[in-house]
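S.K.: Have a look at this one.
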Amino acid sequence: MWLAVVGCVHVVRFEVLQCWALRSAVRWARNRRVLALLAVTLLCSLGCGAPPSYLFQAAGGQLELYRQARPIPEVIADPRTPESIRELLREVPRVKAFALAHGLEVNDNYDDFVELNRPYVVWFVNGSDPLGFYPLAFWFPVVGTFPGLGWFDEGEARQHAAELARGGWDVSVRGVRAFSTGGWFSDPIVSSMFTDSANAFGYLVNVILHESLHATILVADQQFYNESLASFVGDQLTLRYLAQRFGENSEEMRIYRERQLMNEQVERLIADRYDELEALYASDKSIHDKLIRKQQIMRELFVRVGFEDLPTNATLVGTRLYDVGQAEFETLLERCGHDWQRFIRVTGSVNAKQFGGPQEEDFTPIVKRLAARECKPFAPRRPTLYRWGRQSASR
């Protein structure tokens, strides 16, 4: 997912950079995006919508990932590396080549590996109105607003969540296994992207494809669009990859399809309750009655879905980010002749000015317009924020 380690993930405290730079100057000199990091540092120092402590931990966490990163060939050759990890890492170059062939930017992403000492790379904290699905958004220079923040330290994440709760917000804290810096920096494979389940292979492929979409397309202020598009691309292209790599009737395909079916069932349940709650909040019932019914629905979801904590409006908003417009994207892909390069090009032609406002949940009219245009991209605008790789969409 594209997290709001974003924007000010590119922020660095100068004292930290100064101490670290001597050991890393050669590597950083090869990455021109460090200049962007320094520029955004100055902008954020003038005032981001996020708390100052967030900016510093985001910079420190990102720098620590780079410090720990090792080239994948080195990790594979290391006799201490478990064979199960070697097998997954050997597949990464194939997945990158597949992503590139289907229109996704990969650049220098996923050339390195980081072994974490924690189950998640970041913890995502988001907030919502207690009686409505109105996400709390944080503003960053260049990339706009995001409905939540990603923290590298769980304790700091929960402290931030507690502060939001004291301010009257519904809050959610959840561990995240992967994130993207949106093409600004070279993202590594992190150990949290691996699972012990039978679906470990399909999961890794999906994550790489999902995050590569974020490095290819980013519409400022529109995370429902960004994340839902990444989910569609990741889910559909993983099926194509596994079919080409192992065959339609392979064990890898069977396991992935079973897990996908389970996820779809959970998503439908959550979507139904989301719609019920949305109608409840818009009704003329008393606040007391709304809160009582809300708690009943949340308890049901807690039992049936298996959330780690009792879900809140923020939890459901966080889930909704990933599942809007899947049928409309499927129709658009058909209009594109199932040509993924065309599909990526046309969805990348969407820009922020085509939305009614920030963080617009129902973006489906825009996707329907693209389908009605028979997969013809919208005319590019200048400046654009939807293409973040080394090549612009217009080339």
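The values are calculated or read from the model by the stated rules, or taken from the named source; none is laboratory data. As the structure is a computational prediction, the values presented were derived from the model and not from experiment. With ideal geometry, Cβ positions are generated from the backbone for all residues, glycine too; neighbour counts draw on all protein chains shown.
S.K.: I'm trying to understand the selection: among the residues of the stretch 203-234, which are small (Gly, Ala, Ser), over 14 Å from GLN326 (Cα atoms) and at pLDDT 95 or above?
M.R.: SER212
S.K.: Looking at (1) farther than 30 Å from LEU242 by Cβ; (2) in contact (Cβ under 8 Å) with a residue 40 or more places away in the chain; (3) of a type outside the set (Val, Ile, Thr), which is the only condition ARG259 fails?
M.R.: So the condition that ARG259 fails would be (1).
S.K.: Further, regarding this structure: Can you name the residue in the stretch 323-335 that is touching a Ser or Thr at 6+ places or on another chain (Cβ under 9 Å) and surrounded by fewer than 21 Cβ atoms within 10 Å (Cβ to Cβ) and, of all such residues, is farthest from ILE270 (Cα to Cα)?
M.R.: Filtering the stretch 323-335 for residues that are touching a Ser or Thr at 6+ places or on another chain (Cβ under 9 Å) and surrounded by fewer than 21 Cβ atoms within 10 Å (Cβ to Cβ), the one farthest from ILE270 (Cα to Cα) comes out as GLU328.
S.K.: Check the stretch 173-196 and report whether any residue there is without any contact (Cβ under 8 Å) to a residue 60 or more places away in the chain and more than 20 Å from the chain's Cα centre (by Cα).
M.R.: Yes, the stretch 173-196 contains a residue that is without any contact (Cβ under 8 Å) to a residue 60 or more places away in the chain and more than 20 Å from the chain's Cα centre (by Cα).
S.K.: Report whether or not PHE307 is closer than 22 Å to GLY103 by Cα and not assigned by TED's automatic domain parsing to the domain that holds VAL173.
M.R.: Criteria not met by PHE307.
S.K.: Given (1) in a helix (DSSP H, G or I); (2) under 27 Å from HIS102 (Cα atoms), where does ASP275 come up short, assuming only one miss?
M.R.: With respect to (1) in a helix (DSSP H, G or I); (2) under 27 Å from HIS102 (Cα atoms), ASP275 is out only on (2).
S.K.: If the requirement is being over 26 Å from ALA243 (Cβ atoms), modelled with pLDDT of 95 or more and either assigned by TED's automatic domain parsing to the domain that holds PRO147 or not in a helix (DSSP H, G or I) (or both), which of these qualifies: SER172, SER186?
M.R.: SER172
S.K.: Under 8 Å between Cβ atoms, which residue pairs at least 6 apart in sequence (or on different chains) link something in the stretch 49-68 that is buried (at least 16 other Cβ atoms within 10 Å of the Cβ) with a partner that is basic (Lys, Arg) and not in a loop (DSSP other than H, G, I, E, B)?
M.R.: Every condition considered, the pairs that remain are TYR66/ARG27.
S.K.: Name every residue in the stretch 216-225 that is at negative phi and surrounded by fewer than 23 Cβ atoms within 10 Å (Cβ to Cβ), in order of residue number.
M.R.: Within the stretch 216-225, just ALA220 meets the criteria.
S.K.: Starting from the stretch 122-151, keep only residues that are in the same structural domain as TRP169 (by TED's automatic domain parsing), then list their pairs with residues that are in a loop (DSSP other than H, G, I, E, B) and acidic (Asp, Glu) whose Cβ atoms are within a distance under 6 Å, requiring at least 6 positions of separation or different chains.
M.R.: Final answer for the pair search is GLY144/ASP221; THR145/ASP221.
S.K.: A further question on this structure: Just checking, does the stretch 88-103 include any residue being at pLDDT below 95 and either surrounded by 19 or more Cβ atoms within 10 Å (Cβ to Cβ) or not polar (S, T, N, Q) (or both)?
M.R.: no
S.K.: If you don't mind, there's one more thing I want to ask. It is to be established whether one or more residues within the stretch 26-45 are touching a Ser or Thr at 6+ places or on another chain (Cβ under 8 Å), modelled with pLDDT under 50 and assigned to a loop (DSSP other than H, G, I, E, B).
M.R.: yes
S.K.: Which count do you get for residues in the stretch 236-253 that are over 17 Å from VAL92 (Cβ atoms) and crowded, with 16+ Cβ neighbours inside 10 Å?
M.R.: 3
S.K.: Of the residues that sit in the stretch 278-316 and are assigned to a loop (DSSP other than H, G, I, E, B) and of a type in the set (Ser, Thr, Tyr), which one is farthest from SER228 (Cα to Cα)?
M.R.: If we take residues in the stretch 278-316 being assigned to a loop (DSSP other than H, G, I, E, B) and of a type in the set (Ser, Thr, Tyr), then SER286 is farthest from SER228 (Cα to Cα).
S.K.: Do we find that TYR225 is under 13 Å from the mean Cα position of the chain (by Cα), hydroxyl-bearing (Ser, Thr, Tyr) and either part of a helix (DSSP H, G or I) or over 30 Å from LEU131 (Cβ atoms) (or both) in this structure?
M.R.: Yes, satisfied.
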